[in-house]
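The values are calculated or read from the model by the stated rules, or taken from the named source; none is laboratory data. Because the structure is predicted, anything quoted here is derived from the model rather than measured. Heads up, the Cβs are rebuilt from the backbone with ideal geometry, glycines too, and the neighbour counts pull from every protein chain shown. Just so you know, the surface numbers come from the protein's heavy atoms only, side chains and all, with ligands and any DNA or RNA stripped out. Shrake-Rupley method; radii C 1.70, N 1.55, O 1.52, S 1.80 Å.
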Amino acid sequence: MPSVFIKTYGCQMNERDSEAVAAQLVAKGYSLARSESAADVVLLNTCSVRDFAEQKAINKMRNVVGTARSEKRSQIVGFMGCMAQSRGRELIDKLPDVDLVLGTQKFHRAAEYLDELLAGKREKIVDVEAEAKSEATIREHLLNGSAKTSVSAFVSIMQGCNQHCTFCIVPSTRGEERSRTIPDIVAECRELVSRGVREITLLGQIVTSFGKRDHPLLDGKSAFVQLLDAVHEIDGLERVRFTSPHPKGYGDDLVEAYARLPKLCESAHIPLQSGSDRLLKLMHRGYTRERFLGVIEKLRKARPGIGITTDIIVGFPGETEADFEMTLSLCREVQFDNAYIFKYSPRRDTPAADMPDQVPQEIREERNHRLLELVNEIAARKYDTFIGQQVQILVEGPSKKNAARYTGRTRCNRIVLFDGSTRHQGQLMDVKIERTGSFTLYGDPAVVNL
Ligand code: SAH
Ligand code: F3S
């Protein structure tokens, strides 16, 4: 049977999609190869959010194809995911050795297409059409068989985004918002919990818009909060998370959910993008600085100690020094636990790419540097406040870097390393934090759980 190697770029949605495609292929008799050179099929699951991510995947493909050719191996190679969707056939024009281009609504057809290509029935396949109900096809998890059971799983609840932020390519690569049904999602979560999963992260490009069209408000609760309630009820599930929400989705119903639902972890990734109202408007974000600050304040009141992380873009077209300073001051005010900073990257067919006053590269670099310094300084200070504290962690397994150490996550989503063993895997346990490293806490389990 043929073997396949899938390499993933980009966000957790992509990780999840790759897992589902791998599970689908394994179910059809494929094996998973250890490296790309040992595989009969290499698939690159791509990201389009910034130009850098696209270039990385294109260079990788050049490498894969070049190595196979120099070693005289025949190999089927393909792009899937966001860049496949946005560039389509153009990718084969650029890289004629590519056999398959599989769009974001076509993952469920991967096995069928690969079979055809491997059998020599077709030479090239490009499928980036829209497909109704494709949001419900990402279901299979690699839990049994070759893969080990993990304690934490991602469940895709929706696809697409209708917000159309002016910088963002996602609405065109992922399409219109389409949500799965609550019973369908709950059934998948139950199944995962019955196989040993204890933490579930609900995934989507804009999860707070989940089910808007199909589920009316119920007792003042949005469809997303109704879903959180339903997932929260699953016996044996210990922790619920979600990503990514939109700031405008934090109505009182969601804030109250934090106060009401103990399994809902006290961490939230809430993308800010900019601290300047003028820019937020140009970005079409749909909230103001004041509204964003209000959301943070309410969340911290509902759940003291909540970990808050964010995404920020520097160098959006027209961003002045004064606008940028508004972002700096907002970061000082909020004190994010961490922030992912992105230099603005013009994307095809997005309104911002044609806006006047594009910011020169060196200014984007300089602002990136200044913001990073501030954000890291705040994050390090926040990490230090954990020293001496006792925290609950869910143990995921041996650390990738050092197998003698085990890794777990706090409820506020910080990584903790400690001296553990297989008996700790999947356990909820308390540890005392002894010291901090860069974006890591070091814990001692011996002092507790007596
Ligand atoms: N809601 C989606 C957003 C995906 S993009 C999600 O959270 O998964 C992730 C982040 O990339 C955005 O929050 C934004 O900060 C950044 N980003 C998106 N488009 C960008 C662009 N054109 N240039 C630079 N950064 C961008
Ligand atoms: Fe992109 Fe804005 Fe949606 S960042 S994914 S268009 S909320």
By the scheme Lys and Arg +1, Asp and Glu -1, what is the net charge of all other residues having a beta-carbon under 14 Å from that of ILE58? +2
In debye, nearest 20, what is the charge dipole magnitude of the range 313-450 about its Cα centre with +1 on Lys and Arg Cβ and -1 on Asp and Glu Cβ, if you could check? 860
Span from the the range 31-83 Cα centroid across to the the range 277-315 one, whole angstrom: 37
From the helices alone, meaning DSSP H stretches of at least four residues, give me the mean residue ellipticity at 222 nm for the chain, per-run term -39500 (n - 2.57), in deg cm²/dmol to the nearest 500. -10500 deg cm²/dmol
Normalised contact order of the chain, rounded percent, pairs of Cα under 8 Å and 6 or more residues apart: 10
Among the listed pairs LYS28/LYS72; LYS212/LYS248; LYS72/LYS106, which are separated by more than 22 Å between their Cα atoms? LYS28/LYS72; LYS72/LYS106
What figure in square angstrom, to the nearest 10, would you give for the accessible area of SER70 with a 1.4 Å probe? 90
If you roll a 1.4 angstrom probe over the protein chains with everything in place, what fraction of the accessible area of the range 1-154 belongs to carbon and sulfur, to the nearest %? 48
Selection from GLN163, TYR250, MET80 lying farthest towards where the dipole of the chain points positive, charges on Cβ: MET80
What are the semi-axes of the equivalent ellipsoid for the range 32-123, taken as the square roots of 5 times the Cα gyration tensor eigenvalues, largest first, in whole Å? 19, 17, 12
Taking the Cα centre of the range 366-441 as the origin and placing charges on Cβ (Lys, Arg +1; Asp, Glu -1), which of TYR406, LEU371, VAL431 is farthest toward the positive end of the dipole? TYR406
Please list, ordered by chain and number, the residues whose modelled amide H lies under 5 Å from the amide H of VAL42; skip anything fewer than 5 residues away on the same chain. PHE5, ILE76, VAL77, GLY78
Give, as a single signed number, the net charge of other residues whose beta carbon lies under 12 Å from the beta carbon of CYS11, with Lys and Arg counted +1 and Asp and Glu -1. 0
Mind putting a number on the dipole of the range 11-156 about its Cα centre? Charges go on the C-beta only, +1 for Lys and Arg and -1 for Asp and Glu, and I need it in Debye to the nearest 20. 300
How many percent of the accessible area of the range 297-450 is carbon or sulfur, using a 1.4 Å probe? 50
Mean Cβ count within 10 Å, highest first, over the residues of peptides 251-264, 168-181: 168-181, 251-264
In what order, largest first, do VAL334, VAL126 sit by accessible area if the probe radius is 1.4 Å? VAL126, VAL334
Translational D in µm²/s for the chain (Stokes-Einstein at 10 °C, 1.306 mPa s, Kirkwood Rh from C-alpha pairs): 68
Keeping every protein chain present and rolling a 1.4 Å probe, give me the accessible area per residue for the range 74-222 in Å². 42
Calculate the dipole size of the chain relative to its Cα centre from +1 charges on Lys and Arg beta carbons and -1 charges on Asp and Glu beta carbons; express the result in debye to the nearest 20. 680
What does DSSP give for the chain in terms of the percent of beta bridges that are antiparallel, rounded to the nearest 5? 35
With all pairs of different alpha carbon atoms counted, what Kirkwood hydrodynamic radius in Å does the range 305-374 show? 12.9
What residue among GLN361, ASN338, GLY294 has its Cα farthest toward the positive end of the dipole of the range 268-363, where the charges are +1 on Lys, Arg and -1 on Asp, Glu, each on the Cβ? GLY294
